[in-house]
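Notes to accompany the following structure.
The values are calculated or read from the model by the stated rules, or taken from the named source; none is laboratory data. Quick caveat: nothing in here was measured; it's all calculated off a predicted structure. For neighbour counting, all protein chains shown are included, and Cβ atoms are generated from backbone atoms with ideal geometry for every residue, glycine included. Side chains included, ligands, DNA and RNA excluded: accessible areas come from the protein's heavy atoms. Shrake-Rupley method; radii C 1.70, N 1.55, O 1.52, S 1.80 Å.
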Amino acid sequence: MILNSNSMKPIYVQIAEYLEGEILRDSIRPDEKIYSQYQLAEMFNINPATAAKGLNLLADEDILYKRRGLGMFVAADAKKIILTKRTNTKLKELIEETVREARQLGISKEELIEMIQKEGEE
């Protein structure tokens with residue numbers, strides 16, 4: 001993953017989303033140790049404090065947990081938390097935006113559903 005420094009999204013959020021993606025792909029499994037802030041800083045050529053902020057964001061959401069002196073680990077239900085969060089926020093926002101755009105373009109509900117179904121088949 002390449003971080004986008006021109007994005008409106010802060011780097012620490014991009015780090016958190018990268019780690020969420022790794023968890024969703026099962027690259028990092030429950031109760032497995034996750035990268036340290038220093039490893040992430042080296043991987044992405046960023047400040048360790050920025051990496052720590054991304055890790056702490058996930059810890060605040062109970063996706064990661066800290067083990068004193070050992071580092072951070074993936075929570076047992078991390079994948080479920082991420083899926084729920086992304087469904088209730090990211091996907092919902094995309095759908096709202098798509099519906100708004102379809103209305104502006106005069107696309108009917110049926111046409112929009114057909115477009116979504118067609119895209120799902122590809």
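For this structure, a couple of remarks:
- Restricting attention to the stretch 73-92, the residues being farther than 10 Å from I23 by Cα, within 12 Å of the chain's Cα centre (by Cα) and surrounded by 11 or more Cβ atoms within 10 Å (Cβ to Cβ) number 7.
- Filtering the stretch 74-104 to residues that are in a helix (DSSP H, G or I) and acidic (D, E) leaves E93, E96, E97, E101.
- Scanning the stretch 7-22 for residues that are in a helix (DSSP H, G or I) and either touching a helix residue (DSSP H, G or I) at 6+ places or on another chain (Cβ under 8 Å) or open to solvent by less than 50 Å² (accessible area, probe 1.4 Å) (or both) yields a total of 11.
- Annotation: of all residues in the stretch 23-39 being assigned to a loop (DSSP other than H, G, I, E, B), over 15 Å from I82 (Cβ atoms) and not charged (D, E, K, R), the one that is least open to solvent (accessible area, probe 1.4 Å) is S36.
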